[in-house]
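Below you'll find the structure, written out as structure tokens, and then a few comments.
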Amino acid sequence: MTTGGMRGLLLWVAIAGAATMTVELSAVRMISPWFGASSGVWTNVIGVILLALALGYLVGARAASRAHLGPPLVIALGGAALFTALLPLLVAPVCGWFMPANLPLEDAGALFGWGSLAATAALFLLPALALGTVGPLAVEIASRSGLRPGVAGGQVLCASTLGSLVGTFATTHVLLPDLGVARTASLASLALGAGALALAAKARKRSLAGLVLLVGLAALGLRAPARPALPAGMHLLEARESSYQTSRAVADRRGEEELRVLQVNEGLDSFQSVWRSQKGPLGPGYYYDAFALPAWWSERREGTWNVAVLGLGAGSTFRVLEGALPPELQLTMIGAEIDAEVVALGQRWFELPVSNPDQRVVSGVDARSALRTWPGPFDEIVLDAYAHQTEIPAHLCSREAMVEMRQKLADRGWLAINVGGFSIEDPLVRAVAATASSAFDSPVLVLHVGGSRNFAIFARRGAAIVDPAAEASARPTAALMHLWGPAQLPSGAWTMDASCGVVLTDDLNPSDALQRQSLSEARDARS
């Protein structure tokens, strides 16, 4: 093989490596509308891709014993191109089969694991297997050209790894945010198809049919993958892709008043932010209202109430607090949202301020990192961060993280945490409550938000928490009575300490396992 021929071979090996990472990173984005994008889903995708590559290496090694290696390499690249082009068309029927529509969250929870594994295998096993065969074939071709096996293997591995490196950064930071899933798959398919045609042409097997196939592959991939249908009465306003997730603003017209909700990587009827035309409490069933309670529980009724929001989303907490705090308090807020596209949706559809010195928004930065740079002190810190559909990021619900939050609070300041759970015995609710109690070295108040599967956990620096059943002076405005009334009942509010559950740390944080246990226990309780 000439130097030019070897360079050409390594180029297609590099493209196959890049395409492998494009398929892997696009896989979670494709299936997330049905299964979310939790660490368990990521694990399933990575596991399937690794298994497929291992099988591909074996298939490639077997094919490397053939007398003529050009045809198997053309078939490998062409097959990978075809399978990749078909992905946007197949994802909706395959995922819909394993995750039926309109399932309650506790029933869908079991499908997040095995359902995502089965769907991933059905969709991505074949394209990754085809890509895995490229490496062994390329090594054998280079060895037969006169290179020593070690030299041939080293050069092929280097080209494949460099291609994977380019594919990783390009897919995450450029292709998915700028082109979307469909065009990203189309581009990968075109590159692989071009490699197949180039190798076929070199072997003097040019054909018009091959060119037509290549154009057809590109056309197949241009169709955006379908998402689960919105329920009747809900209408898509705008969808955006980012390096983190797919986000969409949806108008909910099922009630007397139109609401707007932010949905992130989800096909279930749930939301991350809510907007209504009037500022202030959203009413029963919305946990954001609970974040207004600490201002009523505090001893102050005038001056500034300084709030930091970790996990701002589209800004629901800002709008609720604006209309729900004691009128004598002057509200100042700063919020961190890691996804700049979510902030853009918030500014376009949820009235999130673009420029307001009393409502500052920091985007593109992790909440824990952002908090360290904010001077404080804060009268209240709100922790409402979810990395995926049901998961609180482990690094934000650890004891160390909550100690940092406590240090940023003013004396007698409050930490308010939103946690999803099905009962007061929910393992994740109890773990987060225990962690907050350990970090603040004092009991915490856990309040169930009626009409939802949410609990609000309150910790306080340097002062005792409120006992809603005993302190009439802490009575909030009438607009919050849907929270205050149930909180005075034994079944609505609880005081907990560090012994109530597992204390989560940066070193040992099984929050994702506790979330799976929560869903499993809720499902069993229904059956």
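Nothing in this text is a laboratory measurement; each read-out follows from the coordinates by a stated rule. Just so we're clear, the structure is a prediction, and the values are computed from it rather than from any experiment. FYI the Cβ positions are ideal-geometry reconstructions off the backbone, even for glycines, and counts take in every protein chain you see.
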- request: Order these peptides, 503-514, 59-70, by their mean beta-carbon neighbour count within 10 angstrom, highest first.
  value: 503-514, 59-70
- request: May I ask which residue of Ser452, Trp484, Leu123 lies farthest towards the positive end of the charge dipole of the chain, with charges of +1 (Lys, Arg) and -1 (Asp, Glu) on Cβ and the Cα centre as origin?
  value: Leu123
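Expected output is a single nm value to one decimal: the length gained when fully extending between Cys158 and Ala229, i.e. 0.36 nm times separation in residues minus the C-alpha distance. What is it? Walk me through the numbers on the way to the answer.
Values: separation 71, 0.36 × 71 = 25.56 nm, distance 4.38 nm.
Result: 21.2 nm gained on full extension.
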Ranked list, fewest to most other Cβ atoms within 10 Å of each Cβ, for Tyr244, Tyr57, Tyr287: Tyr57, Tyr244, Tyr287
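Going by a ≥ b ≥ c, the root eigenvalues of the Cα gyration tensor, does the range 42-177 fall in the rounded group (a/c under 1.5), the prolate group (a/b larger than b/c) or the oblate group? Please list the in-between numbers first.
Working: a/c = 2.63, a/b = 2.18, b/c = 1.21.
Prolate shape, in that a/c is at least 1.5 and a/b is the bigger ratio.
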message: Please list 3J(HN,Hα) in residue order for the range 149-164, calculated via the Karplus relation 6.51 cos²θ - 1.76 cosθ + 1.60 where θ = phi - 60°; whole Hz, with x for glycine and proline.
response: x, x, 5, 4, x, x, 5, 5, 5, 4, 5, 5, 5, 5, x, 4
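By its C-alpha gyration tensor, with a ≥ b ≥ c as the square roots of the eigenvalues, how is the chain shaped: rounded for a/c under 1.5, else prolate for a/b larger than b/c, else oblate?
Cα axes put the chain in the prolate bin.
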- request: Give the long-range amide H neighbours of Leu331: residues separated by 5 or more places, or on another chain, with amide H under 5 Å away, using H modelled in the peptide plane at 1.01 Å from N.
  value: Trp305
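Note down the magnitude of the dipole of the chain about its Cα centre, charges +1 on Lys and Arg C-beta and -1 on Asp and Glu C-beta and zero elsewhere, to the nearest 20 debye. Each step should come with its number before you reach the end.
Numbers: 39 positive and 42 negative charges, 537 e Å.
In total the dipole reaches around 2580 debye.
Which of the peptides 316-327, 426-437, 179-190 is most tightly packed, and how do the rest follow, going by the mean number of other Cβ atoms within 10 Å of each residue? Present the calculation step by step, with values, prior to reporting the outcome.
Working: 316-327: 21.3, 426-437: 26.4, 179-190: 22.9.
Packing proxy ranking, top to bottom: 426-437, 179-190, 316-327.
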³J(HN,Hα) computed for each position of the range 499-506 - Karplus, 6.51 cos²θ - 1.76 cosθ + 1.60, integer Hz, glycine/proline x: 8, 7, x, 6, 7, 7, 10, 4
message: Per residue of the range 299-308, what does 6.51 cos²θ - 1.76 cosθ + 1.60 with θ = phi - 60° give for ³J(HN,Hα)? Whole Hz please, x for Gly and Pro, Karplus curve as stated.
response: 7, 8, 10, 8, x, 9, 10, 9, 10, 10
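Can you tell me how the range 1-84 classifies by the Cα gyration tensor, rounded, prolate or oblate, using a/c under 1.5 as the rounded cut?
Working: a/c = 2.87, a/b = 2.10, b/c = 1.37.
Prolate.
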query: If the label point is 7 Å along Cα→Cβ of Leu50, which residues in the range 126-141 have backbone nitrogen under 20 Å from it?
result: 126-136
- prompt: If you put +1 on each Lys and Arg Cβ and -1 on each Asp and Glu Cβ, how big is the dipole of the range 285-343 around its Cα centre, in Debye rounded to 20?
  reply: 160
field: Cys95, Cys397, Cys500, Cys158 arranged by Cβ crowding within 10 Å, fewest neighbours leading
entry: Cys158, Cys500, Cys397, Cys95
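Provide Phe422, Phe291 in ascending order of the number of other Cβ atoms located within 10 Å of each residue's Cβ, fewest first.
Values: Phe422 19, Phe291 26.
Starting with the residue having the fewest Cβ neighbours, the order is Phe422, Phe291.
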statement: Non-local residues with an amide H under 5 Å from the amide H of Lys279, with H modelled 1.01 Å from N and Pro and chain starts lacking one, are none
task: Distance from a point 7 Å along Cα→Cβ of Phe169 to each backbone N in the range 6-25: keep the residues under 20 Å and list them by number.
output: 11-25
statement: With the dipole of the chain defined by +1 on each Lys or Arg Cβ and -1 on each Asp or Glu Cβ, the option from Met21, Ala138, Ala249 whose Cα lies farthest towards the positive pole is Ala138
- line: For the chain, the charge dipole (Cβ of Lys, Arg +1; Cβ of Asp, Glu -1; about the Cα centre) points to a positive end, and the Cα of Ala522, Ala498, Ala433 closest to that extreme belongs to Ala522
statement: Arg62 and Asp524 label points (each 7 Å along its Cα→Cβ direction) are spaced in nm at 4.3
- request: Among DSSP beta bridges whose residues both lie in the chain, state the antiparallel percentage, nearest 5.
  value: 60
